[in-house]
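The values are calculated or read from the model by the stated rules, or taken from the named source; none is laboratory data. Because the structure is predicted, anything quoted here is derived from the model rather than measured. Every residue, glycine as well, gets a Cβ built from its backbone with ideal geometry; the counts of neighbours run over all protein chains shown.
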Amino acid sequence: MHHGPWNTPKAVNYSNVKIEFYYVHFSLCFHFINDDWPGYSLDLFNYPTHYSGDLDCVIIPHGVIMDRTERLARNIMDDLGDHDIVVLCVLKGGYQFCADLVERIKALSRNSNHTIPMRVHFIRLRSYLVSPPSRPLSAGIVGTGKTMETLLQHVKAFKPKMIKVAGLLVKRVQHSLASVPDYVGFEIPNRFVVGYALDYNEYFRDLNHICIISESGKKKYKV
Ligand code: HPA
Ligand code: MG
């Protein structure tokens with residue numbers, strides 16, 4: 001069962017039809033990580049010793065991220081047919097997910113009898129792209145979807161045949177959603193996560209697992 005504000009209609013300012021749509025979409029397509037999921041103990045996994053004491057728990061181990069990414073790659077391949085792919089990687093937080101997803105798509109493409117030409121571009125979003133109120137941007141995570149919606153407007157100007165968005169994480173934020181990715185790895189609680197290229201003041205990008213930062217970690221890397 002899903003809990004929390006995410007699925008209560010008052011948190012979603014859409015027509016009834018759309019509320020239903022999102023409800024079904026999330027329950028069928030997302031790997032849902034519950035608000036009370038305590039995570040895995042750090043003692044169960046390897047992680048860089050320079051981060052000992054800086055983390056509370058592992059919420060998504062690296063291997064699970066990789067397995068989920070492999071499945072997303074298959075879903076993407078199934079949907080794309082024979083179209084060329086132009087990948088737009090949103091830096092910095094999205095680089096690891098993008099790199100691994102592209103690798104999986106390449107592997108699937110190699111092993112099938114239709115190989116798909118792929119070009120890869122990179123973009124870094126600055127807050128002036130997003131209309132006020134300006135918020136910190138995180139490329140790896142979709143929160144309200146406003147950043148994603150703004151970027152999509154820019155991409156549409158190039159008139160591509162098809163636009164699909166893949167996001168590794170969608171956070172259950174209190175606000176209504178402006179946009180939801182077509183492919184989502186995990187839906188996670190509204191907590192600050194680090195690792196797998198997601199940073200706290202540029203630290204923790206070198207951590208493979210997605211983890212919850214500890215209070216002392218926050219103090220240590222505060223700017
Ligand atoms: N982690 C890293 N960067 C972020 C997050 C997060 O949970 N939310 C917004 N930017
Ligand atoms: Mg950041």
So, first residue assigned to a loop (DSSP other than H, G, I, E, B) in segment 150-173, second residue hydroxyl-bearing (Ser, Thr, Tyr), Cβ within less than 8 Å, six or more apart or across chains; the pairs are LYS164/TYR183; VAL165/SER179; VAL165/TYR183; VAL173/THR144
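Which residue, of LEU101, LEU80, LEU108, LEU91, is out of contact with any Asp or Glu (no Cβ under 7 Å at 6 or more places or on another chain), of a type outside the set (D, E, K, R) and modelled with pLDDT of 95 or more?
On the way: LEU80 fails: modelled with pLDDT of 95 or more; LEU108 fails: modelled with pLDDT of 95 or more; LEU91 fails: modelled with pLDDT of 95 or more.
None of the others qualify; the one that does is LEU101.
Which residues, counting only those in segment 126-165, are of a type in the set (S, T, N, Q) and at pLDDT below 70? Steps first, please.
Step one: list which residues in segment 126-165 are of a type in the set (S, T, N, Q), which gives 127, 131, 134, 138, 144, 147, 150, 153.
Across segment 126-165, the qualifying residues are SER127, SER131, SER134, SER138.
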Checked pairs for segment 191-207, first within 17 Å of VAL223 (Cα to Cα), second among the aromatic types (Phe, Trp, Tyr) and surrounded by fewer than 19 Cβ atoms within 10 Å (Cβ to Cβ), C-beta under 6 Å and 6 or more apart or across chains, list as TYR200/TYR221; ASN201/TYR221; TYR203/TYR221
If you go through ARG104, ARG68, the only one that is within 19 Å of LYS171 (Cα to Cα) and surrounded by 14 or more Cβ atoms within 10 Å (Cβ to Cβ) is ARG68
Residue hits (segment 184-223; among the hydroxyl-bearing types (Ser, Thr, Tyr) and more than 9 Å from ligand 1 (Cβ to nearest atom)) are TYR196, TYR203, SER214, SER216, TYR221
Restricting segment 174-204 to residues that are away from ligand 2 (no atom under 16 Å from the Cβ) and among the β-branched types (Val, Ile, Thr), the one farthest from the chain's Cα centre (by Cα) turns out to be VAL180
